[in-house]
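The values are calculated or read from the model by the stated rules, or taken from the named source; none is laboratory data. All values reported here derive from a predicted model rather than from experimental measurement. Virtual Cβ from ideal backbone geometry, glycine too; neighbours counted across all protein chains shown. Just so you know, the surface numbers come from the protein's heavy atoms only, side chains and all, with ligands and any DNA or RNA stripped out. Shrake-Rupley method; radii C 1.70, N 1.55, O 1.52, S 1.80 Å.
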Amino acid sequence: MNTSESFVGIDVAKDWLDLAWLGAQTQRLDYSDEAIAGLLDRLRSEPPTLIVMEATGGLETRLASALAAAGLPVAVVNPRQVRDYAKACGRLAKTDRIDAMVLAAFAAAIRPQVRPLPDEDTRALGDLLARRRQLVEMRVQEKLRVARASSVQRTSLREHIAWLDERIARLDIDLTHALRTSNAWRDKDDLLKQIPGVGSLTRAAMLAWLPELGSLKRRQIAALVGLAPFNRDSGTHRGARVIWGGRAQVRRILYMATVAGIRCNPVLREFYQRLRAQGKPAKVALTACMRKLLTIMNAMLKHH
């Protein structure tokens, strides 16, 4: 490591931030707008080589967005990667301060890639999708309760299901409106709409949860989503190739789109049938079709 380089790790909690400079001091700040403003001034005066923080279910979004808007190099990484790195270094203890120090060391050793963070509109679209998924899951649970509910409970359950149906329908309208009122999204939406099997919900999810679509190579986008098969070989043993990691929520959406696509999309249907004829298991063939559908989307947006 160059002695002029500096690396910062930030552990994000609900009410405070723990900061660690590699080989230097640590500090705890309140997670408030005033503290963030002061931190930005300090980091701008002495720009670090890289700032790393973990994805913590959305708690990190406000700080990461502020750092990126200030032009500072920030990478949001998978917590599993950082924990595996800590174990490999023999750091088994875990506190907020230690986590910040491990993040700074992780930044210097691994140097994760700095990726553009979603803008405010993209985050808002993702929030709409997340809320829709929550309501759909709630509706499934309520429908399961109806079958074993008493007559007193059944009326309330059906009223709640009707309310959920209405809210989900309104969210679908909001999602469509968001896509059609944005010039950038409208053009991409029109391109993706041409693919049989790709509905409005799939298009919105791809644009919100995979903003890199159309800007990466096919192998890169497949690895990012978690559709790149990894080898499991050792000596003479040749294990089955499996997919691992990536963005699970994007894979869930792609799975449903592919299930529809192998019925109504001639390209995917022929590809799926050819793989099955070669003896591939149904789930393996379906996963390959998911990757092919993702590659098609990526190529269409990349080349317009």
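Please go through region 230-239 and give me each residue that is assigned to a loop (DSSP other than H, G, I, E, B) and open to solvent by less than 70 Å² (accessible area, probe 1.4 Å), ordered by number.
Taking region 230-239 first, the residues assigned to a loop (DSSP other than H, G, I, E, B) are 231-232, 235-236, 239.
Residues satisfying the conditions are Gly235, Gly239.
Consider Gly90 carefully, then state whether it is at positive phi and over 22 Å from the mean Cα position of the chain (by Cα). Spell out how you get there, then give the answer.
Details: at positive phi: yes; over 22 Å from the mean Cα position of the chain (by Cα): yes.
So Gly90 fits the description; yes.
Taking Leu72 as the residue in question, decide whether it is of a type outside the set (Asp, Glu), outside any helix (DSSP H, G or I) and within 18 Å of Pro118 (Cβ to Cβ). If you could, list the steps in order and put the result at the bottom.
On the way: of a type outside the set (Asp, Glu): yes; outside any helix (DSSP H, G or I): yes; within 18 Å of Pro118 (Cβ to Cβ): yes.
In short, yes.
Does at least one position in region 86-101 carry a residue that is of a type in the set (Gly, Ala, Ser), surrounded by 13 or more Cβ atoms within 10 Å (Cβ to Cβ) and in a helix (DSSP H, G or I)?
Taking region 86-101 as the starting set, the residues that turn out to be of a type in the set (Gly, Ala, Ser) are 86, 88, 90, 93, 100.
Next, from what is left, pick out any that are surrounded by 13 or more Cβ atoms within 10 Å (Cβ to Cβ): 86, 100.
In the following step, the residues that additionally are in a helix (DSSP H, G or I) were identified as 86, 100.
Checking region 86-101: at least one residue is of a type in the set (Gly, Ala, Ser), surrounded by 13 or more Cβ atoms within 10 Å (Cβ to Cβ) and in a helix (DSSP H, G or I).
Please identify the pairs in which a residue from region 177-201 that is farther than 18 Å from Leu268 by Cβ and polar (S, T, N, Q) has its Cβ atom under 8 Å from the Cβ atom of a residue that is assigned to a helix (DSSP H, G or I) and open to solvent by 50 Å² or more (accessible area, probe 1.4 Å), counting only partners at least 6 apart or on another chain.
Ser182/Asp121; Ser200/Asp172; Ser200/Thr176
Pairs, please: C-beta under 6 Å, at least 6 apart or cross-chain, first residue assigned to a helix (DSSP H, G or I) and open to solvent by 10 Å² or more (accessible area, probe 1.4 Å) and in region 254-269, second modelled with pLDDT of 95 or more and among the hydroxyl-bearing types (Ser, Thr, Tyr)?
So the pair list comes out as Ile262/Tyr272.
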